[in-house]
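As structure tokens, the structure follows; a few thoughts come after it.
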């Protein structure tokens, strides 16, 4: 039986550049409007899969209590995130002490930093590789709207142009307390989720 | 500490070898004709007593009438440094000779200047964009880029 090739491997340097350019241009042209909060559009997709028993309370408890964040640190907000993870603020209290380097093992993407269009396809690919259910926290002004770099030629004006964002944490950069508050908000959001 | 060589002294040495190369000497830098750039750079790198074996950085400035390229050369052996400047005219396709053959460190810096300023470097082994993607329109660090 012949297996279809999922991905063409490219070895030519110039070809690689051309394909990268195509990917960026395509993503840029498709990312005109911000993507809405997942709760607004996710319902329709999973409506027929609804389960209203006490089971979802238990499952949601399990999910919100072991959020494993992904390493996605394009810029300086990462340091506040690292600060939040380290003993002084101790994010491990909320069951998320393990930072995953692999998107396949992570539930939560904390987008700590400015995103350029050159990097955008890679972040999109990492998001696509994360297993469902997955959540995204846009951390800092750049993650929310592009921040001071919004009008730049090379900066994505907010992560929600390319991936759906659940919680927005403002600040430049936000203090670890703000990030922890954002994570608590996300946990509340997961707890109130009625579909699995 | 690294001493800064007097641009006048360096210019004098260059003029002895390449009479027309030096256009102007200021307090801080030697301005040379871009046609002689590669010759002068090789001269500065190989002449005993100067031996600028390290290219600290290249940068470019857009003055509308011309682009100015600034090369900071350092000699690790003698612990001295000098600023070399050159100009290229025209906004359509400004070109200067590449110095990658002398200092490998120029490779990525020249590509960055090509990417953001649109100055092409003649003789560069891999003259293409480095920071932005292939197919990006314009050169963002130019003064007339909007």
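Structural remarks
- Computed P(r) (all Cα pairs; segment B:3-96; 5 Å bins; percent): 3, 14, 26, 26, 17, 9, 4, 1, 0
- Comparing A:105, A:129, A:33 in a Gaussian network model of chain A, where Cα atoms under 10 Å apart are tied by springs, the biggest mean-square fluctuation is seen for A:33.
- Antiparallel DSSP beta bridges within chain B, percent to nearest 5: 70
- In chain A, the DSSP-assigned H stretches of four residues or longer account for a calculated mean residue ellipticity at 222 nm of -12500 deg cm²/dmol, using -39500 (n - 2.57) per stretch and the full residue count as denominator.
- This ranking places B:57, B:78, B:139 by how few other beta-carbon atoms lie within 10 Å of each, fewest first, which gives B:57, B:78, B:139.
- Debye equation applied to the C-alpha atoms of segment A:54-103, log10 I(q)/I(0) at 0.19, 0.24 Å⁻¹: -0.69, -0.92
- Rg to Rh, two decimals, where segment B:75-140 supplies the alpha carbon set and Rh follows Kirkwood: 1.03
- For A:167, A:19, order by how many other beta-carbon atoms lie within 10 Å, fewest first: A:19, A:167
- Cα gyration tensor shape of the protein assembly as shown, rounded if a/c is under 1.5, else prolate or oblate by comparing a/b with b/c: prolate
- Compactness of segment A:34-191, taken as the C-alpha radius of gyration over 2.2 N^0.38 Å, stands at 1.02.
- Chain B: angle of helix B:7-17 to the longest principal axis, Cα-based, in degrees nearest 10: 90
Quick note: the coordinates plus some simple rules give every number you see, no bench work behind them. Predicted, not measured: the structure shown is a model, and the values here were computed from it. Note that each Cβ is placed from the backbone with ideal geometry, even for glycine, and that neighbours are counted across all protein chains shown.
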